[in-house]
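One structure below.
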Amino acid sequence: FWDDFFPQKRSYKVESFGSGVIISSDGYIITNAHVIEDAYEIIIILMGGQEFKASIIGIDYPTDIALLKINSFDFQYAKLGDSDNLILGEWVIALGNPLGLFTVSDKATATIGILSGMNMDFGLKESGRVYQNMIQTDAAINSGNSGGPLINILGEVIGINTFIMTGSGYSSGSIGIGFAIPINFVKEIIEELKNHGRVERNFQTGISVQPVDRYIKQYLRLPSNNGV
C-alpha cells in the first residue's frame, strides 16, 4: 500500500556461494565470473574455516573467468595440469562447495566421474558469455560447484567447473552432464588479468576510414556522398 504512494528502491544484502581454487602461495584464486558478479563483498573460506576478504584482480565476462587475491603468504595451492593432453574416459574429480555443503564441515566435497567429452562448443550465450572447447564430465556438479577445480587422478587441475545441463530447471540438480573450462585456456586469461586487469581484445587492421563528405565526393568524382 505505502509503495503505491511513496515508491522507493530498496537494496538488501543477501548471501550467495560458489567455489574457487588457489593457484599460488601468495593467494591468487581462480573462479567463475558469474560467481562474483555484482558482489558487494567477497569472503574466501579456506579448508578449516579460516576467512579472508578477497580483492578482484580482474574479471573477463566473455570467458566467465575471474582472478581474485587474498593478502597472505605460504598458502597451499593447486598444481595446474595440461588440458591439451587429456584422454577420453580418464577418471576426473570435481571439488567444490555444492549447495553450500562446505560450510557444514569446512571441507570441500568431492565427486568422481570420467572425462565424457572434449572440445564442446556452445557459442555465444544470451548472457554474453562464450563457451568454447569445453570439457564434459559426468562427475556430479551442482549449484555452488561453479569456479571449483576439475582434477585428474594426479591431483592436477585440468578445468574450472562452470555449468551443467539438467532435465528441467537448474535447481533440479546434476544428471551427469557437466562442463568445465579447460585449464590451458584459463591460464591464458588469468595471465592477462594479472598483468592488465582485463583481457585486451583490440587489434589493428592496417586500414583507416573516414566519412565521404561533399569535398571527397567532388575530388574523387563519386556518384554520391554515402559511405566511407
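For the range 136-175: of the residues being open to solvent by 20 Å² or more (accessible area, probe 1.4 Å), over 20 Å from residue 185 (Cα atoms) and in contact with a Gly (Cβ under 6 Å, 6 or more places away or on another chain), which is modelled with the lowest pLDDT?
175
Quick one: in the range 186-201, of everything that is open to solvent by less than 80 Å² (accessible area, probe 1.4 Å) and part of a helix (DSSP H, G or I), which residue is farthest from residue 30 (Cα to Cα)?
The residue in question is 192.
Restricting the range 82-94 to residues that are of a type in the set (Val, Ile, Thr) and within 16 Å of residue 157 (Cβ to Cβ), which is most open to solvent (accessible area, probe 1.4 Å)?
Going through the qualifying residues, I end up with 93.
Count, please, the residues in the range 104-130 that happen to be closer than 20 Å to residue 18 by Cβ, surrounded by 14 or more Cβ atoms within 10 Å (Cβ to Cβ) and of a type in the set (Ser, Thr, Tyr).
Here the count works out to 2.
Out of the helices (runs of 4 or more DSSP H) lying entirely within the range 1-112, which hold 1 or more residues that are among the aromatic types (Phe, Trp, Tyr) and over 28 Å from residue 136 (Cβ atoms)?
In the range 1-112, 2-5 are the helices (runs of 4 or more DSSP H) which contain 1 or more residues that are among the aromatic types (Phe, Trp, Tyr) and over 28 Å from residue 136 (Cβ atoms).
Looking at residue 18, is it surrounded by 13 or more Cβ atoms within 10 Å (Cβ to Cβ), of a type outside the set (Lys, Arg) and within 23 Å of residue 105 (Cα to Cα)?
Judged against the criteria, residue 18 is a match.
Specify the residue that is modelled with the lowest pLDDT; the eligible residues are those in the range 176-185 that are open to solvent by 10 Å² or more (accessible area, probe 1.4 Å) and touching a Gly at 6+ places or on another chain (Cβ under 8 Å).
Going through the qualifying residues, I end up with 176.
Can you tell me which of 71, 85 is without any contact (Cβ under 8 Å) to a residue 12 or more places away in the chain and not acidic (Asp, Glu)?
One residue alone meets the criteria, 85.
Scan 133, 97 and give me the residue that is over 19 Å from residue 16 (Cα atoms) and open to solvent by 10 Å² or more (accessible area, probe 1.4 Å).
Exactly one of 133, 97 is over 19 Å from residue 16 (Cα atoms) and open to solvent by 10 Å² or more (accessible area, probe 1.4 Å), namely 133.
The values are calculated or read from the model by the stated rules, or taken from the named source; none is laboratory data. Remember, predicted model here, so these are calculated numbers, not experimental data. Quick reminder, even Gly has a Cβ in these numbers, built from the backbone with ideal geometry, and neighbours come from all protein chains shown. Surface accessibility is based on the protein's heavy atoms, side chains included, excluding ligands, DNA and RNA. Shrake-Rupley method; radii C 1.70, N 1.55, O 1.52, S 1.80 Å.
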